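Below: one structure, written as structure tokens.
Each reported figure results from applying straightforward, stated rules to the coordinates on display, with no laboratory input. What you are looking at is a predicted structure, and each value in this text was computed from that prediction instead of being measured. Glycine gets a Cβ as well: all are built from the backbone with ideal geometry, and neighbour counts include every protein chain shown.
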Amino acid sequence: MQEKVKGVILKTMDYKERDKIIWLFTESLGKIAVICKGVRSQKSKYQSLIRPILYGEFLLFKGSGTMYSLNEGIAINSFSSLSSSLELLTYGSYFVELADIMTQDNEPDEPAYKILVTALYLLETNVIDMELLTLAFEVKLIRNSGLKVGREMVPFPISKASENIIEFLLKTEMSKIHVLKLDEKIKKELKEITTFIIRDSFQRRPKSLDLLKFL
């Protein structure tokens with residue numbers, strides 16, 4: 001059975017001599033594993049397609065097992081401009097890594113998918129402060145996973161200002177959060193909240209999370 005899907009490549013892994021396995025986050029199928037045969041060969045036309053963060057359209061074949069096979073694919077947006085800056089690339093890597101951690105295999109999650117795609121497009125345009133965009137991304141993904149984002153989730157006090165900002169981020173589309181201006185004290189408190197929840201509530205945490213502190 002063939003399926004045509006749009007999705008973001010979350011991560012890749014070399015497999016055998018010439019193949020790769022990708023984890024593709026799609027709107028209709030959720031997060032799925034896809035084997036891409038022969039893509040590591042110099043002759044493969046899909047060599048540049050199979051890389052993390054890329055958003056594309058893929059024609060997949062589903063056999064009797066749980067893994068899909070890649071038949072065809074085209075890039076919708078490779079987000080190649082993120083590679084122009086280590087900071088941008090690190091944030092983009094963090095977004096896909098966090099989406100991988102917070103979603104389940106083979107379970108459609110349309111809200112999380114839209115949050116990720118929107119965040120990557122906004123990151124590429126660079127029109128919103130990256131720290132603010134990251135906070136909104138984290139808050140929305142945490143809430144989408146079924147967890148609350150507030151004082152009941154952390155062992156330290158939270159200011160009323162931070163509670164109000166969290167509520168604003170949850171209710172506001174990411175494309176409209178640029179109107180929000182945060183001072184460094186509030187940013188720090190919000191980051192402490194999301195960092196604690198992510199580390200305390202999920203089995204894995206993004207490797208890029210620590211690197212963000214030094215950028």
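Using a cutoff of 8 angstrom between alpha carbon atoms and counting only pairs six or more residues apart, the relative contact order for the chain works out to 18 percent. When the trypsin sites (Lys or Arg not before Pro) in segment 17-118 are filtered for DSSP coil states and for at most 13 other beta-carbon atoms within 10 Å of their beta-carbon, the remaining sites are Lys43, Lys45.
Structure remark: mean-square fluctuation, Gaussian network model of the chain, C-alpha springs under 10 Å; the largest value among Pro111, Pro52, Pro157 belongs to Pro157.
Under the simplified labelling scheme, the Lys207-Tyr121 pair shows an inter-label distance of 3.0 nm, with each label point 7 Å from Cα along Cα→Cβ. In the chain, Rg over Rh equals 1.00, where Rg is the alpha-carbon radius of gyration and Rh the Kirkwood radius from pairwise Cα distances. Karplus-based coupling profile of segment 47-61, in residue order and whole Hz: 4, 7, 7, 8, 8, x, 5, 4, 10, x, 10, 10, 9, 10, 10, with θ = phi - 60° in 6.51 cos²θ - 1.76 cosθ + 1.60 and x standing for Gly or Pro.
Between Ser41 and Ser85, what length in nm is gained on full extension when 0.36 nm per residue of separation is reduced by their alpha carbon distance? Extra length from Ser41 to Ser85 when fully extended: 13.0 nm. Label separation (Gln2 vs Glu17): 2.9 nm, computed from points 7 Å beyond Cα along the C-beta direction.
For segment 65-173, rounded, prolate or oblate, judged on the Cα gyration tensor with a ≥ b ≥ c (square roots of eigenvalues), a/c < 1.5 rounded, else prolate if a/b > b/c? Verdict is oblate for segment 65-173.
Taking other residues whose beta carbon is less than 15 angstrom from the beta carbon of Ser83, and scoring Lys, Arg as +1 and Asp, Glu as -1, yields -1. Sites listed here are GluC sites (Glu not before Pro) in segment 110-215 whose DSSP assignment is loop and whose Cβ has at most 16 other Cβ atoms within 10 Å: Glu173. Between Gly73 and Leu59, the built amide H atoms are under 5 Å apart, and every one of these is 5 or more places off in sequence or on another chain. With a simple spin-label model that places each label point 7 Å from the Cα along the Cα-to-Cβ direction, the separation between Ser159 and Asn71 comes to 5.6 nm. Neighbours of Arg18, meaning other residues whose beta-carbon lies under 12 angstrom from its beta-carbon, give a summed charge of +2 when Lys and Arg score +1 and Asp and Glu score -1.
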